[in-house]
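Notes follow once the structure below has been shown.
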Amino acid sequence: MEIKNQYLLDLLKRTEQRNANEPEFIQAVTEVFATLEPVIEKRQDLVDAGVLERIVEPERQIIFRVPWVDDNGKMHVNRGFRVQFNSAIGPYKGGIRLHPSVNLNIIKFLGFEQTFKNSLTTLPMGGGKGGSDFDPKGKSDNEIMNFCQSFMTELYRHIGADLDVPAGDIGTGAREIGFMFGQYKRIKNEWVGVLTGKGLHYGGSLARKQATGYGLCYFTNEMLQANGTSFEGKTVLVSGSGNVAIYACEKATEYGAKVVAMSDSNGYIYDKDGIDLNAVKQIKEVERKRIKEYLSYRPNAEYHEGCKGIWTIPCDIALPCATQNEIDGESAKILVKNGCKVVSEGANMPSTPEAIDTYLSNGLLYGPAKAANAGGVATSGLEMTQNSMRLSWTFEEVDEKLHAIMRSIFKACDDASKEYGMPGNYMAGANIAGFIKVAEAMKSQGNV
Ligand code: NDP
């Protein structure tokens, strides 16, 4: 990924200087800039409107103290973030990540990506992201509730159903969203759809839980079909064993593939007969235990410490669904050597630039995160619609809408890649299609 355009190079340099020590944010900006050259050359009006200078600067960044008390009466202090990146096409929208690795850099990279992803969904949603360096692992329900209430006690003043609508992400599932929603309602004394990913009995949408993983497979299936192949009979690796990974595994299996490996941050399991997803759901969704426990359900499977090793297993299709930069150049080369033909991203920015270069130079089909994992936020958008209409659609209705959105996202990426002279480069297609809509909206709204 090399940038030649001098205007983009100068702007990237200024962005690097202004955001020193934010490597993931700069990585995300560089990846987008590297694919926007043909647009910049064709659309001087967008350059003149200063769209690029503005799009790399969040509209607002909020950092706050989150004090909470554990079960032994000890006080802890975490740091909370909400980055409201871009509201050109709708209220800010994006998840809340709870993980010790969270800092402003991580939230900014995710918020920047979210802006383009939300644009691709065709729904009116701007880009935002939030989180905290709080680690939910090993905490009691009571400690999780204490943290979530404290987090919302500050966050509530910055969000709203027409302003900024957070959702789940790593470490934030239905339990955490429930605690946060309860606290928002209590402080504001109003019931509005201010968060998505809510429980089904209080305004959540059917199929939201499945949406990112299913959406990833819908997108991947479109990409496979457009290139004359399918999931049928393919061997698949799915990293992670959280919300995205579990439902990616479920849909890929439904499509006729065999998923042979999954992981968590400690290690990975390899089951040559195909993953028993009910066992994984029991371990991860019910018991909240480690993936290693899988061996007690399937003694013939293997467990290996460390997460990188999963990419050494021969496969046809890799679906990274854990975290950023989980596939580096070396892992990408091993995937290629072992015959992998497709990488499609459930996690956000799971491939390093070297890994992406390896996919593209070896002719792999590559489904970039901001298109391939957009099904989660798209269904969050559908949850907002249902809340506003005060009604609930059936699972089939939501799933059908999700499927149609993922088809249209693939088409938008495919069309843009062809129009701008890079057919089959869906990363370029996603960046260009996502960018143009936001850029046109920013230009129309003047110099704000
Ligand atoms: P979960 O918290 O449900 O699961 C995350 C999974 O990834 C867990 O198995 C976790 O293992 C593993 N993981 C997390 N951090 C690391 C790490 N540093 N190294 C190795 N493994 C790690 O999160 P989600 O499934 O919701 O999110 C997964 C990815 O998908 C993220 O990149 C997220 O931003 C992205 N995404 C999520 C969407 C959603 O709707 N949930 C929507 C779009 C994108 P462990 O349990 O050991 O921590």
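Just so it is clear, none of the values below were taken in a lab; they were calculated from the coordinates. Bear in mind that the values here come from a model prediction, so they are computed numbers and not experimental data. As a convention, Cβ positions derive from the backbone with ideal geometry for all residues, glycine included, and neighbour counts pool all protein chains shown.
So here's what we get for this one:
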read-out	value
Neighbour-count ranking [beta-carbon atoms within 10 angstrom, fewest first] of Lys308, Lys13, Lys284	Lys13, Lys308, Lys284
Cβ charges +1 (Lys, Arg) and -1 (Asp, Glu), total dipole of the chain, debye	780 debye
Modelled FRET efficiency - R0 25 Å, Thr30 with Arg79, Cβ distances, 0.05 increments	0.45
Virtual spin-label span in nm between Val448 and Lys333, 7 Å along Cα→Cβ	5.0 nm
Gap separating the Cα centres of the stretch 165-191 and the stretch 6-36, nearest whole Å	33 Å
Fewest-first ranking of Ile89, Ile246, Ile275, Ile409, using other Cβ atoms within 10 Å as the exposure measure	Ile89, Ile246, Ile275, Ile409
Given 16 as the ceiling on other Cβ atoms within 10 Å, longest exposed-site-free region of the chain for GluC sites (Glu not before Pro) in DSSP loops	3-189
Environment charge of Ile3, counting only residues whose C-beta is closer than 15 Å and scoring Lys/Arg +1, Asp/Glu -1	-4
Residue-averaged 222 nm ellipticity for the chain, from DSSP H runs of 4+ at -39500 (n - 2.57), nearest 500	-15000 deg cm²/dmol
Spin-label pair His201/Ala161, simplified geometry with 7 Å Cα→Cβ offset, distance in nm	2.2 nm
Cα→Cβ-extended label distance, 7 Å offset, between Asn72 and Arg390, nm	5.0 nm
Amide H partners (placed H, <5 Å) of Gly367, local residues excluded	Val343, Ser344, Glu345
Reciprocal mean inverse distance between Cα atoms of the chain - Kirkwood radius, Å	22.0 Å
